[in-house]
Amino acid sequence: MKILIVEDEPELATSIVQYLRQESYVCELAFSAQEALEKIALHEYDCILLDINLPDGNGLAVLESLKKDGKADGVIIISARNSIDDKIKGLNLGADDYLVKPFHLSELGARISAVIRRKRFEGNTTLALHELAIDLIGKVVTVNGTLLELTRKEYDLLLFLVSNKNRVVSKNAIAEHLSGDMAEVFDNFDFIYAHIKNLKKKLTEAGCEDYIKTIYGLGYKFEV
Amino acid sequence: MKLLRRTVKNYIIYAALLLVISTPLFYVAIRQLFIREMEEELFHHKHNFEQIVKQLETEKELQLFQLINEEFKLTETSTWPIADSIYNYSRYDSLERKSVPFRALRTGIEFGNKKYELVIRESIVGNTRLVAAIVIIQVTLLVLLLTGFIIINRKLSHEVWDSFYKILDKLKQYKIDEDSFISLPHSTTAEFRDLSNAIVLLVNKSRNAYLDQKEFTENAAHELQTPIAIFRSKLELLMQATALTKEQAELIGHLLDTTDRLAKLNKNLLLLSKIENRQFLTIETVAVGALVDKLLDDYEPLANKRAVHIRKEITHELYLAANPILVEILLSNLLSNALRYATANTEVLIRIDHQTLLVQNQGAPFKSPDKIFNRFNQESRASQGTGLGLAIVKKICEVENFTIVYAFLNSNHQFKVAFSRTSNFIQN
């Protein structure tokens, strides 16, 4: 799966590449709008991360040209300006998602995997990992065919961990992911611990292997 | 005191003083003049008398003349010579039934071989009358003068000061964070034209300084986003390393927490500028009670951990016509503060009626309660918050026209929000 990262800040771009590589994505970099346009003309990408504040012009212009070619599908805008106008404009131009800096790489990972799942597996809305199956439309989880009674938060948590499988996801990223955009996020992570405990219990009780590992002092990892 | 009243008051005091001082002066001066004139008159009479006496032949004629002309009085005398002397005296006037003052000239005169003392007298106008006349004239003059002055001044204040009051009104209405420029009415008076020019200059300068400062905060916060993003991404990569020791993991964990705090601080700064820039414009119907329930659901773990009991008193569901994002931030900040800072094992009260929301929690009083809505005030710096939560609350209330009041009652912190625009929409 090919991903184009359009980001003028090389350090951030390489971090993203490094993180995504662990998920066996093929990443290409473009540091300017011009470079991005050239790459887009030559290759097909499953997902494009597009910073809209580029040195040689607004990234929205890149998006416009993508839309003209019918390639805007799969674009995730990243921006330092959390501007509602830009967000609306971007989404109207066909972008899939809008992420504001500074984001957690695991959050980005989750968004990318959502985009790719939707593009790649059209019709097939179930994410299967051994005995575990997640129905993304119905938002239900089954283990060996048995339905799991998960709360909304537990479901979100599981999907977030699975989307970043085999990578450590920090408590901080989980807290932010679960509390939504505008809510005041607490510096207290006990509630995550409680959710994880319940989730693990429900999974193992249904006969699922204990994939969720606690990484001391940092967070959790879904290991398969 | 109004300008007009102040000037008039001073004028009246001055006029009264003038009246008091000038009346005796006038009196003395006029009297002096009068007396001098009278003396001249007396000597003139004497001269006339002498002329007439020369024409007379007999003593009988002299007596007759004296009787006809009341002002002359002849008395035979042996004292001789008599020097001219002038003096005052009073005589009872039977007609007027009071003593009347006279001015008299005493002189000697020879007729035939007899020597006479001649007294010529002239009645003096009564002192009291003179004073009364002067006072009446002066008071009339002053009253006329003052009335004229007040009338003219009032008219002037309507015409001339009119533009001043208009300028003042505009200035009172001007809000530096809302109005881009100030337009003042044109005045024909040079002073007011100067004033309005100076005001426009001042306002423009202040407005520019305000914009610069606002822009700086906004730009600084924006510019920080990328470095924070890089920092955070590197930490997340570091976190993936497989051979981390316990100490290293802990260090990374602390760094992640600090980065979170930094990111949150920056986010709140940006949020504050955005609210100031009126970037949240969409108005929707917001159900406050339902939103509170949703937020409390998120905050339940925190409440449980701190053993804080939440008591909800919702008499009415309150529907607002407001920006949903702003209302959510407002409620979220108030609720999370209450839960975070409530004394452990106490109760947080949330009361909603048809127009207000009350959030109350127990705690120690603030050191300076009047500054709690300021950015980065001391109270918040002592805690783990960003120091912007209540500043954001205040700003939201400003842009949405809500009123927020803080009170400390029976060791309870109370935040009361009165909503202005409740909506008539009924939720389906």
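The values are calculated or read from the model by the stated rules, or taken from the named source; none is laboratory data. Predicted model, so just to flag it, every value in this text is computed and none were measured. When we count neighbours, we look across all protein chains shown, and the Cβ atoms used for this are built from the backbone with ideal geometry, even at glycine. Just the protein is used for accessible areas: all its heavy atoms, side chains included, with ligands, DNA and RNA removed. Shrake-Rupley method; radii C 1.70, N 1.55, O 1.52, S 1.80 Å.
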Checklist outcome for this item: Given the conditions (1) touching an Asp or Glu at 6+ places or on another chain (Cβ under 6 Å); (2) over 18 Å from B:C397 (Cβ atoms); (3) modelled with pLDDT of 90 or more, every one holds for B:R351 apart from (2)
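This table checks each residue for (1) within 30 Å of B:D162 (Cα to Cα); (2) open to solvent by 80 Å² or more (accessible area, probe 1.4 Å); (3) free of Cβ contacts under 8 Å to residues at least 12 places away in the same chain.
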| position | (1), (2), (3) |
| --- | --- |
| B:L3 | yes, yes, no |
| B:A29 | no, no, yes |
| B:R36 | no, yes, yes |
| B:Q66 | no, no, yes |
| B:L105 | no, no, no |
Item to check | In region B:303-330, the residues that are within 11 Å of chain A (Cβ to nearest Cβ), more than 21 Å from B:A418 (Cα to Cα) and either touching a residue at least 60 places away in the same chain (Cβ under 8 Å) or hydrophobic (A, V, I, L, M, F, W, C) (or both) | outcome: B:A303
Item to check | Within region B:312-334, tally of residues that are part of a strand (DSSP E or B), hydrophobic (A, V, I, L, M, F, W, C) and open to solvent by less than 40 Å² (accessible area, probe 1.4 Å) | outcome: 3
Next on the checklist: Restricting to region B:195-235, and then to whatever is within 20 Å of B:K274 (Cα to Cα) and aromatic (F, W, Y), can you tell me which residue is nearest to the other protein chains (Cβ to nearest Cβ)?
Outcome noted: B:F216
Next on the checklist: Can you tell me how many residues within region B:251-295 are assigned to a loop (DSSP other than H, G, I, E, B), more than 10 Å from chain A (Cβ to nearest Cβ) and among the aliphatic types (A, V, I, L, M)?
Outcome noted: 1
Checklist entry - Restricting attention to region B:155-179, which residues are assigned to a helix (DSSP H, G or I) and either surrounded by 15 or more Cβ atoms within 10 Å (Cβ to Cβ) or in contact with a helix residue (DSSP H, G or I) (Cβ under 7 Å, 6 or more places away or on another chain) (or both)? => result B:S157, B:V160, B:W161, B:D162, B:S163, B:F164, B:K166, B:I167, B:K170, B:L171
Checklist entry - Only one residue in B:E300, B:E276 is touching a residue at least 12 places away in the same chain (Cβ under 8 Å) and surrounded by fewer than 18 Cβ atoms within 10 Å (Cβ to Cβ). Which one? => result B:E276
Checklist entry - Considering region B:359-379 alone, what residues qualify as being in a strand (DSSP E or B) and under 35 Å from the mean Cα position of the chain (by Cα)? => result none
Next on the checklist: Condition check: over 30 Å from B:T356 (Cα atoms), more than 55 Å from the chain's Cα centre (by Cα) and either crowded, with 20+ Cβ neighbours inside 10 Å or not aromatic (F, W, Y) (or both). Does B:I252 satisfy that?
Outcome noted: yes
Item to check | Residues (under 19 Å from B:K371 (Cβ atoms) and open to solvent by 20 Å² or more (accessible area, probe 1.4 Å)) located in region B:390-403 | outcome: B:L390, B:K394, B:K395, B:E398, B:T403
Checklist entry - Among the residues of region B:302-311, is any out of contact with any Leu (no Cβ under 7 Å at 6 or more places or on another chain), modelled with pLDDT of 90 or more and in the same structural domain as B:N337 (by TED's automatic domain parsing)? => result yes
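Being among the hydroxyl-bearing types (S, T, Y) and in a loop (DSSP other than H, G, I, E, B) is the filter here, so list the residues in region B:86-104 that pass it.
Pass one, region B:86-104, residues among the hydroxyl-bearing types (S, T, Y): B:87, B:89-90, B:92, B:94, B:99.
The answer is B:S94, and nothing else.
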Checklist entry - Can you find even one residue in region B:241-250 that is more than 9 Å from chain A (Cβ to nearest Cβ) and of a type in the set (K, R)? => result no
Checklist outcome for this item: Note on A:F103: of the conditions (1) under 19 Å from A:V6 (Cα atoms); (2) away from every other protein chain (no Cβ under 14 Å); (3) modelled with pLDDT of 85 or more, unmet is (2)
